[in-house]
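Data block below; observations after.
Bear in mind that the values in this text are calculations on the coordinates, not laboratory data. Quick caveat: nothing in here was measured; it's all calculated off a predicted structure. Every residue, glycine among them, receives a Cβ derived from its backbone with ideal geometry; neighbour counts consider all protein chains shown.
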Amino acid sequence: MRALPFVLLLSAGAAAQHSTFEASLSRFEAKIAGDKNNGYGLGFSIRKLESGVRAIGHGGSVAGYNAYLVFDPDSKIVVAMLRNYNRGATSLGAAAKEVLGELVVASKK
């Protein structure tokens with residue numbers, strides 16, 4: 001994923017990149033009509049989880065492989081999930097967001 005090096009910079013605490021990303025994201029974020037907790041900007045989905053965690057992510061698949069990357073810029077926690085199977089009931093994006101929410105909540109205890 002091309003987003004991974006960028007996200008790793010954010011998670012490493014690169015303040016200039018973080019503020020630039022936040023400014024760009026808010027400038028280009030498109031809100032989903034009637035839904036204040038979901039949006040899309042710069043190729044990332046933006047969702048506020050039930051736990052209050054802001055999950056910014058992107059996923060993709062090709063020829064039997066799936067990937068999903070999601071992060072919370074405030075806690076600097078990143079979750080990346082990969083698998084070599086593209087069928088089944090498990091949503092990689094939903095699973096990654098669930099793990100992210102649990103990690104962020106646990107990190108605040």
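Things to note:
- Annotation for Glu102 and Thr90: the two label points, set 7 Å from Cα along the Cα-Cβ direction, are 1.2 nm apart.
- In terms of other Cβ atoms within 10 Å, Arg54, Arg47, Arg87 run from fewest to most in the order Arg87, Arg54, Arg47.
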